[in-house]
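Structure first, commentary second.
The values are calculated or read from the model by the stated rules, or taken from the named source; none is laboratory data. Since this is a predicted model, take the numbers as computed values, not measurements. Positions of Cβ are backbone-derived with ideal geometry, glycine not excepted, and every protein chain shown enters the neighbour counts.
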Amino acid sequence: MIPIDSVTPDEYPNQTNNPIDSQENRPDKPEEACGVFGIYAPGENVAKLTYFGLYALQHRGQESAGIATFEGTTVHLHKDMGLVSQVFNESILEELPGDIGVGHTRYSTTGSSRKVNAQPAVLDTRLGKLALAHNGNLVNTVKLREELVNSNCNLVTTTDSEMIAFAIAQAVNAGADWLDGAIQAFHRCEGAFSLVIGTPVGVMGVRDTNGIRPLVIGTLPGNPVRYVLSSETCGLDIIGADYLRDVEPGEVVWITEEGLASYHWSQKPERRLCIFEMIYFARPDSQMHNETLYSYRMRLGRQLAAESYVDADIVFGVPDSGIPAAIGFSQASGVAYGEGLIKNRYVGRTFIQPTQSMRESGIKMKLNPLKDVLAGKRVIIVDDSIVRGTTSRKLVKALRDAGAAEVHMRISSPPVTHPCFYGIDTDTQDQLIAATKSVEEIAKQLEVESLAYLSWDGMLEATREDKNSFCSACFTGDYPVTIPEQVKRSKLILEKVVV
Ligand code: SF4
């Protein structure tokens, strides 16, 4: 089996991570996973609808983007490094006709950032081509890779997503139909996977048995109803689709000319949605549990104020992700809400290195403090998380340089002490500041008057859902899917790993 879009890795030797975002200037946040989008809409311009779906999901991955469309048995594919708006234009979209679309926007978690690893992955099979877009991370890639290579699969990328595509193709080539072949492949996968899989006859949406990464179903009005799959509801809103429901953990939906059929491929689904999706990754206007994440994040702020009030003149959030929690903090505490930092919304991703003096001046390329608002004030700054602490420290210094008299930091999640193995890049454990330092020590390092994190109970109670229905392993080390020892060793530097 050979992928039809095979490219030798050597063709793109230099397309690695953005230099500005690498080394000490990498964003001091867990890096988001990927965005996936799928559509079955005969008669519609599926390439354009997929483009706008991906455009809304851009925050989930900014390294590469791709769209595959099915025009009968023919697949049209375009993918490249860069933002959705850089990878596609009108004339490229015109070259992507068809009734079915599969789209992907990528941040690399398994496999480096190169064009060869961009998705969708397209493979030839006995029943025609398949196009697969994956959000998440498998934890049994070593074993799966070995099995696939031993059965003569010609893997050309370094991604776990390609392995899933090969596992499906293998089952189909052995005689299974699309649905059975896909289900056989899902049983070989362990870890986090929300997938959109296009075929000549329909599109599938699937979530792993824990539903760690989100995936929703939407409908486009009309007769017959046309279906849409998206990582988040913001991908539905942008094209005027109505939210129907979530794909359930352990469910596969198969959308064909006969409509939408649902199958539970896993006998033991156990919901464990990534709580970080709710705190930070997903867009605030996306809906989870029947409300926008903006509302949940405001409640986190209210809870934070209840747990760690401090008297101050102004409270504001680190734009944009800290803002809803800062508003909630203000409402619950009575401390006036304002703006103390302005974000440069057009900074994007640049490949031009800043000068040394710009580097030393800290964070101002992205965030600029409002001097006259801050001068002489006792400020509370609210952020959603601290990972390494490097940006927070620069931020505090910038606030003091702008004249703040006191800086109190409040974090609307608990300390991040463990790395993620399910599709979020959170560094190795030794680089997580809270894995090695107490809250007091972190406060000292950040040079703030006070620092407080939200409690784990507070974070989960604010969801108003069953606490056991979330993964919160990066705060506790309690991983819902067992991590093989050799994978653990790659990131859990401070844990005792039993060999
Ligand atoms: S470990 Fe953390 S970031 Fe990873 S899935 Fe669990 S909650 Fe989300």
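Can you tell me which condition residue 212 does not meet? The list is (1) within 14 Å of the ligand (Cβ to nearest atom); (2) among the hydrophobic types (A, V, I, L, M, F, W, C); (3) farther than 23 Å from residue 140 by Cα, and all the others hold.
Only one criterion in (1) within 14 Å of the ligand (Cβ to nearest atom); (2) among the hydrophobic types (A, V, I, L, M, F, W, C); (3) farther than 23 Å from residue 140 by Cα is unmet by residue 212, namely (3).
Filter segment 184-213 down to residues that are under 11 Å from residue 134 (Cβ atoms) and of a type in the set (A, V, I, L, M), then give me how many there are.
Looking only at that region, the number is 5.
Name, by its number, the condition in (1) within 25 Å of residue 195 (Cβ to Cβ); (2) part of a helix (DSSP H, G or I); (3) of a type outside the set (S, T, N, Q) that does not hold for residue 422.
Here residue 422 clears every test but (2).
Kindly list the number of the only condition in (1) within 13 Å of the ligand (Cβ to nearest atom); (2) free of Cβ contacts under 8 Å to residues at least 12 places away in the same chain; (3) not hydroxyl-bearing (Ser, Thr, Tyr) that fails for residue 276.
For residue 276, the exception is condition (2).
Regarding segment 241-251, can at least one residue be identified that is under 19 Å from the mean Cα position of the chain (by Cα) and within 16 Å of the ligand (Cβ to nearest atom)?
For segment 241-251, residues under 19 Å from the mean Cα position of the chain (by Cα) and within 16 Å of the ligand (Cβ to nearest atom): present.
Only residues that are out of contact with any strand residue (DSSP E or B) (no Cβ under 8 Å at 6 or more places or on another chain) and among the hydroxyl-bearing types (Ser, Thr, Tyr): list them for segment 267-320, please.
280, 292, 294, 295, 309
Scanning segment 360-376 for residues that are closer than 18 Å to residue 446 by Cα and at pLDDT below 80, which turns out surrounded by the most Cβ atoms within 10 Å (Cβ to Cβ)?
My answer is 363.
Could you please give the count of residues in segment 291-326 that are modelled with pLDDT of 95 or more and either assigned to a loop (DSSP other than H, G, I, E, B) or within 16 Å of the ligand (Cβ to nearest atom) (or both)?
11
Restricting segment 48-74 to residues that are outside any loop (DSSP other than H, G, I, E, B) and charged (D, E, K, R), which is nearest to the chain's Cα centre (by Cα)?
Among those that are outside any loop (DSSP other than H, G, I, E, B) and charged (D, E, K, R), it is 60.
Evaluate segment 48-57: report whether one residue or more is more than 29 Å from residue 259 (Cβ to Cβ), buried (at least 18 other Cβ atoms within 10 Å of the Cβ) and touching a Ser or Thr at 6+ places or on another chain (Cβ under 8 Å).
No, segment 48-57 contains no residue that is more than 29 Å from residue 259 (Cβ to Cβ), buried (at least 18 other Cβ atoms within 10 Å of the Cβ) and touching a Ser or Thr at 6+ places or on another chain (Cβ under 8 Å).
State yes or no: is residue 469 touching a residue at least 12 places away in the same chain (Cβ under 8 Å), surrounded by fewer than 22 Cβ atoms within 10 Å (Cβ to Cβ) and not assigned by the TED database to the domain that holds residue 301?
Yes.
Give the residue that is nearest to the ligand (Cβ to nearest atom), with candidates limited to residues of segment 452-478 that are part of a loop (DSSP other than H, G, I, E, B) and in contact with a strand residue (DSSP E or B) (Cβ under 8 Å, 6 or more places away or on another chain).
That would be 463.
Criterion first (surrounded by fewer than 21 Cβ atoms within 10 Å (Cβ to Cβ), part of a loop (DSSP other than H, G, I, E, B) and in the same structural domain as residue 70 (by the TED database)) does residue 179 satisfy it?
Criteria not met by residue 179.
For segment 387-432, how many residues are within 14 Å of the ligand (Cβ to nearest atom) and closer than 21 Å to residue 316 by Cα?
Matching residues across segment 387-432 total 4.
Condition first: surrounded by fewer than 16 Cβ atoms within 10 Å (Cβ to Cβ) and more than 25 Å from residue 179 (Cα to Cα). Now tell me which residues in segment 239-256 satisfy that.
Hits for segment 239-256 are 240, 242.
Can you find even one residue in segment 159-172 that is surrounded by fewer than 20 Cβ atoms within 10 Å (Cβ to Cβ) and either over 24 Å from residue 268 (Cβ atoms) or within 27 Å of the chain's Cα centre (by Cα) (or both)?
No, there is no match, as no residue in segment 159-172 is surrounded by fewer than 20 Cβ atoms within 10 Å (Cβ to Cβ) and either over 24 Å from residue 268 (Cβ atoms) or within 27 Å of the chain's Cα centre (by Cα) (or both).
Please find, among 447, 440, the residue that is away from the ligand (no atom under 16 Å from the Cβ), at positive phi, touching a strand residue (DSSP E or B) at 6+ places or on another chain (Cβ under 9 Å) and free of Cβ contacts under 8 Å to residues at least 60 places away in the same chain.
Checking each option against the conditions leaves just 447.
Please state which of the following conditions residue 265 fails to meet, knowing it meets all the rest: (1) of a type in the set (A, V, I, L, M, F, W, C); (2) within 16 Å of the ligand (Cβ to nearest atom); (3) surrounded by fewer than 23 Cβ atoms within 10 Å (Cβ to Cβ).
Failing condition for residue 265: (2).
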